[in-house]
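Asker: Mind having a look at this structure? Questions to follow.
FYI, it's all coordinate maths here, none of it is from the lab. Remember, predicted model here, so these are calculated numbers, not experimental data. No Cβ is skipped: glycine too gets one built from the backbone with ideal geometry, and neighbour counts run over all protein chains shown.
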Amino acid sequence: MAVRTGEQFLEGLRDGREIWLEGERVGDVTTHPKMARMAQTLAGIYDLQHSPENHEKMTFNSPTNGEPVALSYLVPETPRTSYAAGAPWRSSPSPVTACWAARPVM
């Protein structure tokens, strides 16, 4: 699958999946008070893949269809591809750090 935008990612979460949190069913993780911020943070990472300054650093062309794919799908087979797979996360501040630093809304 080619890289998605943040909005496409959020729309994909609204597929009727069954999610339970603290004994209660979550209707929409994108609007739930304890999950929405993380969903938005991850959507922001998807959007980073589309920005001109990050697209080359965060994607590679699929060997099967040539479409841009997130580097997280790159199978590191050589030291060079292993290094390339980690390239987006060596920048500062790291988008991944935002995921780890996001605090739940209580």
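Asker: Could you say which residue among HIS32, HIS50 is closer than 14 Å to THR5 by Cβ and either surrounded by 11 or more Cβ atoms within 10 Å (Cβ to Cβ) or without any contact (Cβ under 8 Å) to a residue 60 or more places away in the chain (or both)?
Answerer: Selected residue: HIS50, the only one of HIS32, HIS50 that is closer than 14 Å to THR5 by Cβ and either surrounded by 11 or more Cβ atoms within 10 Å (Cβ to Cβ) or without any contact (Cβ under 8 Å) to a residue 60 or more places away in the chain (or both).
Asker: Among the helices (runs of 4 or more DSSP H) contained in region 3-64, which hold 2 or more residues that are at negative phi and among the small types (Gly, Ala, Ser)?
Answerer: Numbers: elements: 6-13, 36-50, 52-58.
In region 3-64, 6-13, 36-50 are the helices (runs of 4 or more DSSP H) which contain 2 or more residues that are at negative phi and among the small types (Gly, Ala, Ser).
Asker: Being loosely packed, with under 14 Cβ neighbours inside 10 Å and within 13 Å of the chain's Cα centre (by Cα) narrows it down to one of GLU7, GLU18, GLU56, GLU24, so name that one.
Answerer: GLU7
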